[in-house]
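To start, the structure under review is shown below, and the notes come after it.
The values are calculated or read from the model by the stated rules, or taken from the named source; none is laboratory data. The structure displayed is predicted, hence computed values, not measured ones. Positions of Cβ are generated from backbone atoms using ideal geometry, with glycine treated the same way; all protein chains shown enter the neighbour counts. Just the protein is used for accessible areas: all its heavy atoms, side chains included, with ligands, DNA and RNA removed. Shrake-Rupley method; radii C 1.70, N 1.55, O 1.52, S 1.80 Å.
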Amino acid sequence: MKAKKMLLVALASAIAATSFSGITQAQTRYFSFVTPNATNSASTAFGPHEFVVAVNNPVLADQIASIIEGNTWHGDPVHIEGKIVRGRVAYNEEYPFHLNPDSLKLFSNNIEHCSATAFEVEEHLDLVGVPGSGFLQKGIWCPWDSRFVREIRYPYPAQ
């Protein structure tokens, strides 16, 4: 009887731990955005290459999903900002850099000089984060003309 009671307590503890860890661990969600094709920010032609960000913050992920659905008001933050990290990641293979998921935030207007297209960042990646370089010296990227496109299911379902 004592062994059965210990087994039940152990089982209950395991279930509680699993449930609690599921609540505290946010699931990473992935979203893509595009920036204008040209270096001229007046261009309305957006690039065909989507830039993908990993979002660990569930509140931020819900805000981005709402933006994609068109649920925004004039002045609401609708653009992404984050710290550039050199190196490719599996969910954003197109580019040799990505944004640190823990640095992401949304903005509507930004006074920082951190706007560029994804292609410009790629072209000048060696200057990013370099004081005095004249290009994204703080390593922060905030593409003012970006437009969220969609949420991406990653990892991709097995075929």
Expressed per residue, the solvent accessible area of the range 73-159 in Å² (1.4 Å probe) is about 62 Å²
In debye to the nearest 20, how big a dipole does the range 105-151 give about its Cα centre with +1 on each Lys and Arg Cβ and -1 on each Asp and Glu Cβ? 240 debye
Solvent accessible area, Å² - LEU106, 1.4 Å probe, full protein context: 30 Å²
Can you give the accessible area of ARG86, probe radius 1.4 Å, in Å² rounded to 10? 130 Å²
Area of ASP76 that stays accessible when all protein chains are in place (1.4 Å probe, Å², to 10): 50 Å²
What per residue convex hull volume, in Å³, do the alpha-carbon atoms of the range 113-159 yield? 113 Å³
Calculate, in nm to one decimal, what LEU125 and THR72 gain on full extension: separation in residues at 0.36 nm each, minus their alpha carbon distance. 15.9 nm
What does the charge add up to near GLY129, with Lys and Arg as +1, Asp and Glu as -1, over the other residues with Cβ less than 12 Å from its Cβ? +2
Let me make sure I get this right: for the range 55-159, a, b and c are the square roots of the gyration tensor eigenvalues over alpha carbons, sorted descending. Under 1.5 in a/c it's rounded, otherwise prolate if a/b > b/c, else oblate. Which is it? oblate
Measuring from label point to label point, each 7 Å out along Cα→Cβ, what is the GLN137 to ASN109 span in nm? 2.4 nm
